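Only one structure is covered here, and it is reproduced in the block below.
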């Protein structure tokens, strides 16, 4: 088995979830690396999109900004933010990736603030950016994040981007498009999905080297467990080679 | 005094009403000729727009269609129908011209049908096209039309495009943008405006060769009369020369 | 600001398409977004993408940048009971009415050919009572397509209120939640099928259009199935050389057909002008229904394809004349 | 379909601008649409077009295609109490917060510089409680500008419902009049002032932009007063040679200033890449408020104009390096 780090594993897992012929809006960093890896392995016909307007670029290197000129280098389209967001709203975008400071059992995410006073936050983060939009409007949202019980918390300070809100049918009842929502939470320890009915987070795979206790101990809410939990398939040799040599040769992301 | 026909007079009057620095959406035919004449006389900085997207073209000849390639020949902008209509809706367009089969005392216009059964009209016309939109959204609407009592009628069969609806404040109360409405009705016999309060059609100028009786006899509703009515200023020599030599040398419009 | 107690009206005529955004999303969820070669024939595209009863819409502006070959083929294949977006419909509608394909009509501008006059045959059809009619306007149909392109079920606007155009539409009045102002609400229009003629595109359907674009960008996005006819196919490299210029992206497009002179007898900006003689011929022959039936059969139903139709009307020599008119070189 | 009896929520925070479409129309009625020479200096444009208390918005995307010279000049002229559209605001906001110009903030994305990290100074300002904060999202601010560009007072959309982002916004929930679906309604945003950096424009303000355009077309239309800075002024003939390419038309524009390298230290697509060293320098120095004040004074307040600022940071030699990075020729 190849030697790899947690970030490399997470990127490989995310890449495998992006099927050929799909569309995905990515940000900078790990999600972009996952999409690039997916293209260079099993999904040559994956369309990578950036919220500022770039579509299907031939990326010469990792973008620093989702609006910089790399995001539409030799692209098929350099359009606008409303165009990309409306393409999502129309139901033409399959996947997106989100990150944040806190996540709860329904996949709701906080990237706005820590504290209770919105007007004078204890710690302020950038806010939604396009996160709420993409989480609302793309079919499936994935999260790649390190797992600990501060980040995976019972009560997040601020719901910036919607997961399944309070579970059950509440997301659809709130007005968000039918059939959308969080799909996979990929951590250094495990891969989680969501229960079909309660919409609570449910462990599907356990990463090599971890066990159920590690995973529950590093989560501030009670996790559900799939009936048959398998070990996460570790990165293949060819995935690692492409990731390291072609996708992120300067180790900007996998070197962290 | 120069020799001229009714169409030439109407075009010259319309042209004089388009001031330098204004914007105007025109169709094919007389309105386009009026706008071109205005540009070539006192309003070099008049911006001519077409609803399909052409803005400020250098017109090599009269367009056949408001979407043909003449409408954006060496233009400043070739955009789209929603762009032009939204520019009107935003309040950036001063004038437009309308025509139709019937007009009433409030300047409402019918270009849809004659008859009472919408599903099976006695005579069907093209419908609104952009007429309702421009009449709703531009600041001032002008009409150039031959005058007779069938066309100027008490009760039009169908309100395609809004004038002042049922008069008074009814146009604004219906939801149409504040401060908009019909401005001048230019016929072979007279120039009409609208009463500030009742919004009924009011004669402002009488064309050379006609009198009050002619004008009222050729109108199916009772006209109001301005306190001081002057004779319409006939076309000047230079207006006629430019109109005949530069604007419509083939007499497509003024030859009718 | 408007009084909140005001009565909100609604148009009384029929809505010919479903504005529901979630239903449209469900369709788009399953529409392919793979960047694969989509080049085919007009015959195949119409066979696969147009069904009897569909709601169809045509790009361009009546007799400017229209996908004539697709319109002819719809008639040739005898498609029936179509609903049609009469959004400055001129020669495009003349053809479809000639083929007796339409039974429901959203009207902004129909039966006229702008400065050229009215189509006698289209007029007879619309006056016959056999076609269901709902009134709209040019901006309204643009915004209905835009609502769909945005993935919504409606858009607000400030026109058509107070008129019979509203009364015989399927629009509704609403109040702005912020200002209380009365607006018209227009239901999203998601056509089942659209055909758009473009200047150039690659085999995946990434397309360039030059000149006024009318509503075609929204139309390409709003429509469930889209065929593009193109003056010429260009390489994907050429698309990638100037991504800002891409007017329609591949994921909107189901089929690509290369049809040079494809807008004939309509105008194709920067390429060729409209054939005004040919269009006058239509308008004249249409006065006599029997003569028109023969003409239509001869010109469209009995021609094997678009190239035969072009040959019938002067072929390349005629096209070169129209190019000269477009480029203002014909009198030199 | 949603139950009609459902409670409709509204965001509890303040709306910093008036969405009323008739009031905006009244302003636009009097805005000049004359195609006249609008070339001036940054100094003059800011003096004439920005007033204390204005709502301002900046084109581009934080550190991509930003009108840096205008941002600097707003600080230099000490404009105060500005409301700001934090629509992926990164280096643009760093500058305005450095100048202490802002007291109201519509937030989509603020204080961060994307992959580069967070701005300590902007973060201190936003955490201080001295700036009024209302939450939105990138799409939401795009659509608020689009509503204004369309001449409306709001647009419906399908995002942000159910979240605290909605709760701390000034949005409202509404029901679609056709489907009964619950939507979010976003109030139109008509900024008092916008500055947009473009690749080229003529003296009247007809502008070309290449690459992703973010929300800049809507921004130019929505804003009451607009200054364009441009890499280069081109002839009106060049604009007229390709009218399809015109991205911003003259009537939106109040002032034109030629500012080569005008997006520095930001990226200008097809021209030069961002100066990542210079931006890192900002992020580092901002950790110490006192050091940052000196740095800001030296770099911006005490420089006479944008050219002096460029000289201070390496001048033409540095610009050539950034051009090479942009064109991927720096390692060859």
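Here are the numbers:
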read-out: Of all residues in segment B:97-141 being within 14 Å of chain D (Cβ to nearest Cβ) and farther than 30 Å from residue C:128 by Cα, the one that is surrounded by the most Cβ atoms within 10 Å (Cβ to Cβ); value: B:136
read-out: Residue satisfying condition, being over 30 Å from residue D:33 (Cβ atoms) and either touching a residue at least 40 places away in the same chain (Cβ under 8 Å) or out of contact with any helix residue (DSSP H, G or I) (no Cβ under 8 Å at 6 or more places or on another chain) (or both), within set D:151, D:129; value: D:129
read-out: Of all residues making up segment C:110-133, the number that are at the interface with chain B (Cβ under 7 Å from one of its Cβ atoms), part of a helix (DSSP H, G or I) and surrounded by fewer than 19 Cβ atoms within 10 Å (Cβ to Cβ); value: 1
read-out: Some residue of segment A:46-58 being away from chain C (no Cβ under 14 Å), in a loop (DSSP other than H, G, I, E, B) and in contact with a helix residue (DSSP H, G or I) (Cβ under 6 Å, 6 or more places away or on another chain); value: yes
read-out: All positions within segment D:10-28 that are under 11 Å from residue B:177 (Cα atoms) and either more than 14 Å from chain B (Cβ to nearest Cβ) or over 23 Å from the mean Cα position of the chain (by Cα) (or both); value: D:22, D:26
read-out: Matching option when the condition is over 21 Å from the mean Cα position of the chain (by Cα), over 27 Å from residue C:51 (Cβ atoms), modelled with pLDDT of 95 or more and within 14 Å of chain B (Cβ to nearest Cβ), among C:287, C:280, C:241; value: C:280
read-out: Subset of segment D:178-187 [touching a residue at least 60 places away in the same chain (Cβ under 8 Å) and away from chain A (no Cβ under 14 Å)]; value: D:187
read-out: Complete set of residues in segment A:193-223 that are surrounded by 19 or more Cβ atoms within 10 Å (Cβ to Cβ), within 21 Å of residue A:137 (Cα to Cα) and away from every other protein chain (no Cβ under 14 Å); value: A:194, A:200, A:201
read-out: Subset of segment D:139-155 [within 13 Å of chain B (Cβ to nearest Cβ) and assigned to a helix (DSSP H, G or I)]; value: D:145, D:146, D:147, D:148, D:149
read-out: Residue selected from segment B:84-94 under the condition crowded, with 24+ Cβ neighbours inside 10 Å and more than 7 Å from every other protein chain (Cβ to nearest Cβ), by the criterion nearest to the chain's Cα centre (by Cα); value: B:93
read-out: Evaluation of residue B:7 against (1) within 12 Å of another protein chain (Cβ to nearest Cβ); (2) outside any strand (DSSP E or B); (3) touching a strand residue (DSSP E or B) at 6+ places or on another chain (Cβ under 9 Å); (4) at pLDDT 95 or above (one fails), failing number; value: (1)
read-out: Filtered residues of segment D:49-68 (kept if part of a helix (DSSP H, G or I) and either without any contact (Cβ under 8 Å) to a residue 12 or more places away in the chain or in contact with a strand residue (DSSP E or B) (Cβ under 7 Å, 6 or more places away or on another chain) (or both)); value: D:49
read-out: Boolean, residue B:63 is part of a loop (DSSP other than H, G, I, E, B) and under 21 Å from residue B:18 (Cα atoms); value: yes
read-out: Filter result (out of contact with any helix residue (DSSP H, G or I) (no Cβ under 9 Å at 6 or more places or on another chain), within 16 Å of residue B:9 (Cα to Cα) and either part of a loop (DSSP other than H, G, I, E, B) or at pLDDT below 95 (or both)) within segment B:207-244; value: B:209, B:210
read-out: Number of positions in segment C:218-233 that are out of contact with any helix residue (DSSP H, G or I) (no Cβ under 7 Å at 6 or more places or on another chain) and buried (at least 24 other Cβ atoms within 10 Å of the Cβ); value: 3
read-out: Among (1) touching a residue at least 60 places away in the same chain (Cβ under 8 Å); (2) surrounded by fewer than 24 Cβ atoms within 10 Å (Cβ to Cβ) - the single one residue C:236 does not satisfy; value: (1)
read-out: Yes/no for residue B:154 being outside any strand (DSSP E or B) and without any contact (Cβ under 8 Å) to a residue 40 or more places away in the chain; value: no
read-out: Flag if residue A:176 is assigned to a loop (DSSP other than H, G, I, E, B), buried (at least 22 other Cβ atoms within 10 Å of the Cβ) and touching a helix residue (DSSP H, G or I) at 6+ places or on another chain (Cβ under 8 Å); value: yes
read-out: Every residue from segment D:186-216 that is buried (at least 22 other Cβ atoms within 10 Å of the Cβ), part of a strand (DSSP E or B) and over 17 Å from the mean Cα position of the chain (by Cα); value: D:186, D:187, D:201
read-out: Residue, surrounded by the most Cβ atoms within 10 Å (Cβ to Cβ), within segment C:29-58, restricted to residues that are in contact with a helix residue (DSSP H, G or I) (Cβ under 6 Å, 6 or more places away or on another chain) and within 14 Å of chain A (Cβ to nearest Cβ); value: C:35
read-out: Hey, residue C:190 closer than 27 Å to residue C:48 by Cα and in contact with a helix residue (DSSP H, G or I) (Cβ under 6 Å, 6 or more places away or on another chain) or not; value: yes
read-out: Selection count, segment A:187-206, where residues are in contact with a helix residue (DSSP H, G or I) (Cβ under 7 Å, 6 or more places away or on another chain) and assigned to a loop (DSSP other than H, G, I, E, B); value: 2
read-out: Sole residue being more than 23 Å from residue B:245 (Cα to Cα), in a loop (DSSP other than H, G, I, E, B) and either without any contact (Cβ under 8 Å) to a residue 40 or more places away in the chain or under 15 Å from the mean Cα position of the chain (by Cα) (or both), chosen from B:100, B:27; value: B:100
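The values are calculated or read from the model by the stated rules, or taken from the named source; none is laboratory data. All values reported here derive from a predicted model rather than from experimental measurement. Counting neighbours? That spans all protein chains shown, and the Cβs are built from the backbone with ideal geometry, glycine included.
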